[in-house]
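Below: the structure, in structure tokens.
Nothing in this text is a laboratory measurement; each read-out follows from the coordinates by a stated rule. Values in this document were obtained by computation on a predicted structure and should not be read as measured data. Every residue, glycine as well, gets a Cβ built from its backbone with ideal geometry; the counts of neighbours run over all protein chains shown.
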There are 2 protein chains.
Amino acid sequence: MTRYQALADDIEASITAGVLRAGDKLPSVRHTSERRGVSASTVFQAYYLLEARGLVRARERSGYFVAARPRGTLPQPTQPSAPAGGSFAVVDVSERVFEVLESAMDRDVVPLGSAFPSPQLFPLRRLGQCLAQAAREADPRAAIDDLTPGSLALRRQIARRALADGMALSPPDLVITNGALEALNLCLSAVTRPGGAVVIESPCFYGALQALERMGLSAIEVPTHPGEGMDLAALETALQRHKPQAIWLMTSFQNPLGCLMPEARKKALVELATRHCVPLIEDDVYGELYFGEHRPPPAKAFDTEGWVLHCASFSKSLAPGWRIGWAAPGRFARAVARQKLTTTLATNAPTQQALARYLESGGVDRHLRRLRQTLALHRDRMADAIARHFPEGTQATRPEGGYFMWVQLPQRCDALALHRQALAHGISVAPGPIFSASQAFGHCLRLNYGHPFDESMQAALATLGQLARQCISPRP
Amino acid sequence: MTRYQALADDIEASITAGVLRAGDKLPSVRHTSERRGVSASTVFQAYYLLEARGLVRARERSGYFVAARPRGTLPQPTQPSAPAGGSFAVVDVSERVFEVLESAMDRDVVPLGSAFPSPQLFPLRRLGQCLAQAAREADPRAAIDDLTPGSLALRRQIARRALADGMALSPPDLVITNGALEALNLCLSAVTRPGGAVVIESPCFYGALQALERMGLSAIEVPTHPGEGMDLAALETALQRHKPQAIWLMTSFQNPLGCLMPEARKKALVELATRHCVPLIEDDVYGELYFGEHRPPPAKAFDTEGWVLHCASFSKSLAPGWRIGWAAPGRFARAVARQKLTTTLATNAPTQQALARYLESGGVDRHLRRLRQTLALHRDRMADAIARHFPEGTQATRPEGGYFMWVQLPQRCDALALHRQALAHGISVAPGPIFSASQAFGHCLRLNYGHPFDESMQAALATLGQLARQCISPRP
């Protein structure tokens, strides 16, 4: 542990113990620096980390103060909002999803319903330089060499990072794709046949619902806990009862709940899939956006038999709009590569080379540290704003990573109506029903905290809270 | 018509009339320049054009001579090699296609079987500069703005060029895709349901066979004439008999035949599809590679009711490896965009911007002129080599564009065996059966003339001819 982390932890302990209370001023940087025998910059880093954790706030020209709302005043949901036990549904959700997504793309709308973080959080300048270099120095033959499975230099970099995260991968295990969405779709079509059934989470990423709908697959919805992820007992029942062709889920910072499945459960999940010989498609696009000390290992880290098809991308963590993702499909690697060859053939060659260069050059970890701190800070600001503005009885998850918060409004609230009203006020939200084949979660919202917390964002959250209050007040 | 074209035409007329014969020396540039009252550079251009047409050849330090083999000494096939009338087949061809494609990717193999032209034919330097500029100057919000249907600036450039080619398109009609292969696949899945049937050409692009196989669709193979494209009478019978969900074909410089459907037939084809309300998926990736005076209009140019889904890309004409294509899906535009949103979401943003810049900057027509001249010259060299080395009875198409020649060997020749033998000699070829759901064309080859005609290419064609001769000699 570094010095600044140790210092931050000590101060956090004082706040938790009540030694420092809401509104208290932290000792000045110079004072702390002298007393602890560390540099001023270490103290600054510690205070910044505490700010990222939502425990203190800076006031201009006055110093740092213990935050008014230490974590916990906004209740977290503790129960899944969906019925227990796998429910079986034909999927028909696309129209509504498109309507919501299109509304979130307008530049004049506050993007609380957006699926993307702000592009301004990314090292676009440095990436642009790498792309410019790659474009100037490209070997003409690379257009052929970088055909599927993709650039060897890039696959080497991805394998190197995967190794550090507990996954023993090498370049031949990887297929480069047009973003994670293509990886997920290729994996799904490599392991299923039309008419089959697939286990998904409830609530789940709507992209899974759309994929199932398009491929003529049925959804088996398994309840997913806002704190710990998919209910494994319910999953086992579903595996026995429905003989699904695949399981599709997110194990870290799930979209839309933000939940992180504990390591032991990930391990049990992989064992379950392996025992039943069911391919496990793991969507791990938010894994790099952890707020804790270490990257949580994905389920793939526990995969000894090759049943896990791990999918990830750079779109959420490094290079939005570049559409570079990958699959590590285990025993299905060849099948997935062939799906790719017959659908989109290959992935843009110069961009693959540019990303390999960027990763080789070594700036990525510094960028990621900064990105995680920013998102952690935004999470706390979002929680504060919801606690302040939203009606009594509102609950919200406290994600340990990613940029989505799941908000459960009082039961009487209609999230689809709220979505329409908010849009009329220039605010987009993602209503709960788009995350479910059975259109559940009618009183829930997914809110995106990956955008700057400027005045218009603050005002939008206040307006949204007011609209939610009106939702539940008795009609005149 | 320009001066140099007029001059070239006059000389070609003299050759056709026998006034100038094989081996005759053309008048010197100075002489012709004085006699015709044109500049020396005009004469050079005319001679170059005649060389591109295969009518004359330059000998170093001696001038230009009428070519030894004026066109016509290599017989062209006049009949389709497939059975007449639509034959119905379940598709199961992918394994063999992959085997052939993989063999053509090895850098040490002479790529006569490759699907790609040489990357060295493209303005990679200038494209790299555009990509570098786009990367440096990109608006961070472009990652969101350029989501499907794609960059407005690029769609505007594509629409502008389409207009010049007789297609009245505007940006909302277009969806940018990861190459034409994605465009074709999205169109196919937007208009078909598993279990249906689709009309394809015989022989046809194997990508169509793979798509049908993957989506669980049956193939109705309609004979395609090496000179004029799909047999429309057989198509009409197939439409009546099998009620297909779509027609998929290439109307210009068809892969693998190289044939160009005449305008009147294209018009009749669109009328037929419209009358039967059958979506017509038109693969037009080689349309820009014409050797005549003008780009032949695609079938889309005759589409008044929106039944034609036109697909094209920059991969063959401008930027290999960049994976930028598009669809103009007529009445299915919205459905195709939604297929894209749920499968690969979007296309690489910086590359779209770079292509828009390149097209705005205006160098593309000069590049295309040079590319067409080079390919036309290669076509004639390929025809010469085949006439010189291949066994008696060999026929080959004389494509008016693109970079594929279809070679019909004597019936006793087994193209699959020849493919394996050639590979053992470091030469790849594309054997006929990979272009047919019913594995027809067992004595045919597709040869790629899009690579430099250097010594190893010349030697490879001689070796290939010898192997083909051995194929048909009586066994000892």
Legend entry - Total charge dipole magnitude, the range A:289-365, about the Cα centre, Cβ charges on Lys, Arg, Asp, Glu only, Debye to nearest 20: 360 debye
Legend entry - Distant-in-sequence amide H partners of A:Thr177 (H built 1.01 Å from N, under 5 Å): A:Gly325, A:Trp326, A:Ala327
Inset, instruction - On each of the three principal axes of the Cα atoms of the protein assembly as shown, give max minus min coordinate, whole Å, ordered largest first. - result: 107, 62, 60
Inset, instruction - State the Cα centre-to-centre distance between the range B:343-392 and the range A:126-190 in whole Å. - result: 26 Å
Inset, instruction - Mind listing the label-point distances from A:Pro452 to the same position on all other copies, shortest first, one decimal in nm, points 7 Å along Cα→Cβ? - result: 5.2
Inset, instruction - Restricting to the range B:122-364, compute how many DSSP beta bridges are antiparallel as a %, nearest 5. - result: 40 percent
Inset, instruction - Convert each backbone phi in the range B:288-305 into a coupling constant with the Karplus relation 6.51 cos²θ - 1.76 cosθ + 1.60 (shift: θ = phi - 60°), then list the ³J(HN,Hα) values in order as whole Hz, x for Gly and Pro. - result: 6, 9, 7, 9, x, 6, 10, 5, x, x, x, 4, 3, 5, 9, 8, 9, 10
Legend entry - Residue order, fewest to most beta carbons within 10 Å, for B:Ser317, A:Ser438, A:Ser456, A:Ser313: A:Ser456, A:Ser438, B:Ser317, A:Ser313
Legend entry - Sites matching GluC sites (Glu not before Pro) across the range A:113-201 that sit in DSSP coil, with at most 13 neighbouring C-beta atoms within 10 Å: none
Inset, instruction - Work out how much length B:Arg107 to B:Arg3 would gain on full extension: take 0.36 nm times their residue separation and subtract the Cα-Cα distance, in nm to one decimal. - result: 33.2 nm
Legend entry - Copy-to-copy label separations for A:Ala22, where each label sits 7 Å from Cα toward Cβ, in nm and ascending: 9.8
Legend entry - DSSP-loop GluC sites (Glu not before Pro) across the range A:293-360, with at most 16 other Cβ within 10 angstrom: A:Glu293, A:Glu305
Inset, instruction - List the residues whose amide H sits under 5 Å from the amide H of A:His443, counting only those 5 or more places along or on another chain, with H placed 1.01 Å from N in the peptide plane. - result: A:Ala415
Legend entry - Identity and axial distance of the chain A residue whose Cβ lies nearest the axis relating A to B, Å: A:Ala132, 2
Legend entry - Pairwise FRET efficiency - B:Ser62 versus A:Ala164, Cβ, R0 = 60 Å, nearest 0.05: 0.35
Legend entry - Whole-Å semi-axes of the ellipsoid equivalent to the range B:122-364 (Cα gyration tensor, √5λ, descending): 30, 20, 15
Legend entry - Contour excess over end-to-end distance, with Cα ends at A:Arg125 and A:Gln76 and 0.36 nm allotted per residue: 13.8 nm
Legend entry - Whole-Hz couplings from phi, Karplus 6.51/-1.76/1.60, listed for the range A:216-222; x for Gly and Pro: x, 10, 8, 9, 10, 8, 10
Legend entry - Positive dipole terminus of the range A:123-363, leading residue within A:Pro172, A:Leu309, A:Pro298 (C-beta point charges): A:Pro172
Inset, instruction - Give the order of B:Val308, A:Val66, B:Val38 when sorted by the count of other beta carbons within 10 angstrom, beginning with the fewest. - result: B:Val38, A:Val66, B:Val308
Inset, instruction - Evaluate peptide B:320-326: per residue, the Cβ atoms of other protein chains within 10 Å of its Cβ; return the mean as an integer. - result: 6
Inset, instruction - Please report B:Asp231, A:Asp146 as a ranked list, fewest other C-beta atoms within 10 angstrom at the top and most at the bottom. - result: B:Asp231, A:Asp146
Inset, instruction - Return one quarter of the surface area of the convex hull spanned by the alpha-carbon atoms of chain B, equal to its mean projected area, in nm². - result: 23.7 nm²
Inset, instruction - For peptide A:137-150, compute the average count of partner chain beta-carbon atoms within 10 Å of each residue's beta-carbon. - result: 4
Inset, instruction - Please give the average number of partner chain Cβ atoms lying within 10 Å of the Cβ of each residue in B:103-110, rounded to a whole number. - result: 1
Inset, instruction - Please return the longest stretch of chain A lacking exposed loop sites, where trypsin sites (Lys or Arg not before Pro) count only if DSSP places them in a loop and at most 14 other Cβ atoms lie within 10 Å. - result: A:142-411
Inset, instruction - Once the label point is placed 7 Å from Cα along Cβ, list for A:Arg412 the distances to the corresponding points in the other copies, in nm, shortest first. - result: 9.2
Legend entry - Listed residues A:Asn348, A:Pro262, A:Met250: farthest to the positive end of the dipole of the range A:123-363 (Cβ charges): A:Asn348
Inset, instruction - Can you tell me the dipole magnitude for the range B:122-364 around its Cα centre, using point charges on the Cβ only (Lys, Arg +1; Asp, Glu -1), in Debye to the nearest 20? - result: 560 debye
Inset, instruction - State the antiparallel share, in %, of DSSP beta bridges confined to the protein assembly as shown, rounding to the nearest 5. - result: 65 percent
